[in-house]
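Student: Dropping the structure in here first, questions after.
The values are calculated or read from the model by the stated rules, or taken from the named source; none is laboratory data. None of these values were measured; they are calculated from a predicted model. Methodologically, a virtual Cβ is constructed for each residue, glycine included, from the backbone with ideal geometry; neighbour enumeration extends over all protein chains shown. All accessible areas refer to the heavy atoms of the entire protein, side chains included, with ligands and DNA or RNA removed. Shrake-Rupley method; radii C 1.70, N 1.55, O 1.52, S 1.80 Å.
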Amino acid sequence: MMRTTGIALLLAAQLLGLGDLAASPAATDSLASFQEAARKAKVRFELPSWETTTGQIEATTQAAMATGNQRLDAIAALKPDQTTFANTVAALDAAYYPVVLASGRLDLIHETSPDKALRDAAHEASRKLQTWFVDSSFRRDVYQAVKAYADTKPTLQGEDAMLLKTVLRDYRRNGMELPEAQRSKLQALKNRLNDLGLEFRRNITQSDTLVEYSREELDGVSEDFLANEEILGKDGRYRVNANVTWQVLEVLRNARSEETRKRLVIARSNRAREKNIPLFAEMLKIRAQIATLLGYDNWADYRIEPKMAKNAKTARKFLLDLSEGLAPKFKAELATFRELKIRETGNAEAVIHTWDVPYYRNQLKKRRYNIDTAALKVYFELENTLQGMFGIFEELFGIRIQPVEPPYKWVDDLRLYAVTDSASGAPLGFIYMDMFPREGKYNHFAQFGITPGKRLSGGSYQRPVVALVCNFPPPANGKPSLLTFDDVETLFHEFGHALHSVLTQANYMEFSGTSVPRDFVEAPSQMLENWVRDKKVLDRFAVDYRDGKQHIPTATLEQMEAARLATIGTHYRRQIAFGLLDLAIHMTTDEKVFDDFVSETNRIMSETYLPVPEGTAFVASFGHLGGGYDAGYYGYAWADAISADMASVFRKAPGGLMDLPTGMRLRNEIYAVGGSREIEDSIRAFLGRERSLEPFFEFIGLKKKP
Ligand SMILES: [Zn+2]
């Protein structure tokens, strides 16, 4: 997962003076030791100054918006004949930059501060800044200055040309080319849509649904789970919250009783339905109106235009081809699940339902492939795993990752790493790591952008700062922190996002780091998960912490790979179903579909995956559709396909996954470039050929392209 500041219209610039970053706190010796290298490399390598009181948060918010407004006013004040690239198009990036910096810090404070008052204040402030971004993107006076410059038909090259194109495209998508009356209508519709989207997601967050069970009904579920005080009530009954993913997964994967699993799936599929069904119907109608106003056939075409797929038809065709190619494998996997079910229940007529899949997938893993997830943890002691991963990325990308003492820590065990170029010593970026769970902290694992990279007005480069917010199991009972295999995969994935951010060389914030099309952004990170499945890579660091010698047996890794392939058809058919139904309701302007979107989405899910329980409405709690991933769910599979394609280049290289020239090419052609050129060009430059779907079909166990 990756979190960046969500901004409707992010534009970019070079007029940035000093004072965008408040002066860093007094640096420690080790931090200071990088400053000579920073001067030599003409980069600014510094940490943000963190707000520690609600007063500071308020002051930061006001100051950031004031600076942003001043800079936008300066652009707006230009007479048409005064406009240049630097004082319009590029100046926009400088205008937005201080607000993005403030927003990055406040967002992280909101998710990680141990102080609730600070978290709340930061949340409130973030919302103010979001509103500021939206309002600013609708400023007509600023647009007119940019337009006056664009009308001179300038000849631009490379990243500058890309920036002008992007800025004009985003203005057009914001309705700036429409007559006044339609423009204000559009703005009103967009504001209403934003509000509804927030409400849609809030309704899901608040849709806790307790399903009550006896101990017998939860037979098969782990003792730890049953003893958890969130689950076991004082009355001796067990209550599972259908709105809490880890609780749902534990029960669906392990509860032997079909009735138990079925009740939970039905409860989960009915979350938020009363409020969200009418609300989402209104959202669909507004989206269609916006698309029509802007001259698109439908919302999906509008949403997909800036992405790799370019239009809804291409995205849909990708999913349909994949779905068809997977059909035989999907059928075979369901047949295997059914065999297991017949054997377990003694019912020769047994059928596989949607609530059976997680359970029999788990059974298959345990019984056929003898995979004991818990036993693997001894190979992944946290510190050793981190060092191992750093070593791999240092070698592969020609960098050094050094721990430094953070001058300010919001929590005692906060870590900070300085990333430098190993050949030149030039500083590249900072990565914070907030390691362990605690009350009030963001409870997944994600990379947060704090300072995006950007070339400043004097020519020096502001190097990026990011944070990895992790929730590793804390060391306990004299035992070190041990990671699961999934944790390690996630660590490599998220660290990939961090590298994508800190290795950037893009001149404009608009294009730096992970500012790439949404249907591509997961690919470079997704790809790094392959490293964790490779015996040679694992043997570099993964040893049993108790003897420091024993490696993961080859047979175990082979079994894990076999297990992955054994159920991947089911996994992707479900993903494809989500992608297709998301597109279906956004590829039309037919109000009848909007009024009856529950049957439409249920129908597609039932046809592509497995029949949904009758009378349910899972789509009412499908948070992705509330905003951000609407008409974008296809992007997960799309990025997976590119990830497999890119990984295949390493596999074919002489050094395999540790092939250094290929690693450097990834750094230079993908990470460093970011969004500063067409992503297709970057991918081609890395691959050394056109894109291909073949490696993905191989990755999911299909012999050849369907
Ligand atoms: Zn991710």
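Student: Among the listed residues Glu339, Glu344, Glu305, identify the single one that is outside the structural domain of Thr166 (by TED's automatic domain parsing) and open to solvent by 70 Å² or more (accessible area, probe 1.4 Å).
Tutor: Glu339
Student: Another one. Looking at segment 31-71, which of its residues are among the hydroxyl-bearing types (Ser, Thr, Tyr), in a loop (DSSP other than H, G, I, E, B) and at pLDDT 95 or above? I'd like the intermediate steps shown before the answer.
Tutor: So the first thing to find is which residues in segment 31-71 are among the hydroxyl-bearing types (Ser, Thr, Tyr), and the list is 33, 49, 52-54, 60-61, 67.
Right, trim to in a loop (DSSP other than H, G, I, E, B) and you get 33, 49, 52-53.
Those that are among the hydroxyl-bearing types (Ser, Thr, Tyr), in a loop (DSSP other than H, G, I, E, B) and at pLDDT 95 or above: Ser49, Thr52, Thr53.
Student: Which of the residues that make up segment 195-210 are in a loop (DSSP other than H, G, I, E, B) and open to solvent by 40 Å² or more (accessible area, probe 1.4 Å)? Don't jump to the end; show me each part of the working.
Tutor: Just the residues of segment 195-210 that are in a loop (DSSP other than H, G, I, E, B), to begin with: 206-209.
If the condition is that a residue be in a loop (DSSP other than H, G, I, E, B) and open to solvent by 40 Å² or more (accessible area, probe 1.4 Å), then Gln206, Asp208, Thr209 are the ones that fit.
Student: In segment 502-517, is there at least one residue being touching a residue at least 60 places away in the same chain (Cβ under 8 Å), surrounded by fewer than 24 Cβ atoms within 10 Å (Cβ to Cβ), of a type in the set (Phe, Trp, Tyr) and not in a strand (DSSP E or B)?
Tutor: no
Student: May I pose another question? Between Ala291, Ala272, Ala267, which is open to solvent by less than 50 Å² (accessible area, probe 1.4 Å), at positive phi and in contact with a Ser or Thr (Cβ under 9 Å, 6 or more places away or on another chain)? Steps first, please.
Tutor: Values: Ala291 fails: at positive phi; Ala267 fails: at positive phi.
Within the list Ala291, Ala272, Ala267, the selection yields Ala272.
Student: One residue is enough: does segment 473-487 have a residue meeting the conditions within 13 Å of the ligand (Cβ to nearest atom), over 25 Å from Glu46 (Cα atoms), assigned to a loop (DSSP other than H, G, I, E, B) and touching a residue at least 24 places away in the same chain (Cβ under 8 Å)?
Tutor: No - not one qualifying residue is present in segment 473-487.
Student: Can you pull out every residue in segment 382-440 that is β-branched (Val, Ile, Thr) and part of a loop (DSSP other than H, G, I, E, B)?
Tutor: Of the residues in segment 382-440, the ones β-branched (Val, Ile, Thr) are 385, 392, 399, 401, 404, 411, 419-420, 431.
Answer for segment 382-440, where residues must be β-branched (Val, Ile, Thr) and part of a loop (DSSP other than H, G, I, E, B): just Val411.
Student: Quick one: how many residues across segment 615-635 are farther than 15 Å from Ile277 by Cβ and modelled with pLDDT of 95 or more?
Tutor: 6
Student: Listed residues Thr131, Thr152; which is open to solvent by 20 Å² or more (accessible area, probe 1.4 Å) and outside any helix (DSSP H, G or I)? If you could, list the steps in order and put the result at the bottom.
Tutor: Details: Thr131 fails: outside any helix (DSSP H, G or I).
Checking each option against the conditions leaves just Thr152.
Student: Among Ala102, Ala26, Ala91, Ala74, which is the only one that is at pLDDT 85 or above, open to solvent by 20 Å² or more (accessible area, probe 1.4 Å), assigned by TED's automatic domain parsing to the domain that holds Ala161 and more than 16 Å from the ligand (Cβ to nearest atom)?
Tutor: Working: Ala102 fails: open to solvent by 20 Å² or more (accessible area, probe 1.4 Å); Ala26 fails: at pLDDT 85 or above; Ala91 fails: open to solvent by 20 Å² or more (accessible area, probe 1.4 Å).
The match here is Ala74.
Student: Also, I was wondering about something else. If we scan segment 490-498, do we find a residue that is more than 14 Å from the ligand (Cβ to nearest atom) and open to solvent by less than 10 Å² (accessible area, probe 1.4 Å)?
Tutor: There is no residue in segment 490-498 that is more than 14 Å from the ligand (Cβ to nearest atom) and open to solvent by less than 10 Å² (accessible area, probe 1.4 Å).
Student: Determine which member of the set Arg438, Arg463 is away from the ligand (no atom under 16 Å from the Cβ) and at pLDDT 95 or above.
Tutor: So the residue among Arg438, Arg463 that is away from the ligand (no atom under 16 Å from the Cβ) and at pLDDT 95 or above is Arg463.
Student: Are any residues in segment 610-644 among the hydroxyl-bearing types (Ser, Thr, Tyr), closer than 23 Å to Phe318 by Cβ, surrounded by fewer than 22 Cβ atoms within 10 Å (Cβ to Cβ) and in contact with a Lys or Arg (Cβ under 9 Å, 6 or more places away or on another chain), and if so, which ones?
Tutor: Tyr629
Student: Report yes if some residue within segment 480-488 is modelled with pLDDT under 95 and acidic (Asp, Glu); otherwise report no.
Tutor: Yes, segment 480-488 contains a residue that is modelled with pLDDT under 95 and acidic (Asp, Glu).
Student: Still on this structure, please answer the following. Does Ser676 satisfy being under 30 Å from Ala332 (Cα atoms), open to solvent by 10 Å² or more (accessible area, probe 1.4 Å), modelled with pLDDT of 95 or more and within 24 Å of the chain's Cα centre (by Cα)?
Tutor: Answer is no for this residue.
Student: Right, something else. When you scan segment 518-555, how many residues do you find that are open to solvent by less than 20 Å² (accessible area, probe 1.4 Å), part of a helix (DSSP H, G or I) and within 16 Å of the ligand (Cβ to nearest atom)?
Tutor: 8
Student: Please pick out the residue among Gly425, Gly398, Gly391, Gly449 that is surrounded by 16 or more Cβ atoms within 10 Å (Cβ to Cβ) and away from the ligand (no atom under 16 Å from the Cβ).
Tutor: Selected residue: Gly398, the only one of Gly425, Gly398, Gly391, Gly449 that is surrounded by 16 or more Cβ atoms within 10 Å (Cβ to Cβ) and away from the ligand (no atom under 16 Å from the Cβ).
Student: Among all residue pairs at least 6 apart or on different chains, which show Cβ distances below 6 Å where the first residue, located in segment 57-84, is more than 26 Å from Ala161 (Cα to Cα) and the second is open to solvent by less than 40 Å² (accessible area, probe 1.4 Å) and assigned to a loop (DSSP other than H, G, I, E, B)?
Tutor: So the pair list comes out as Ile57/Glu51; Thr60/Glu51.
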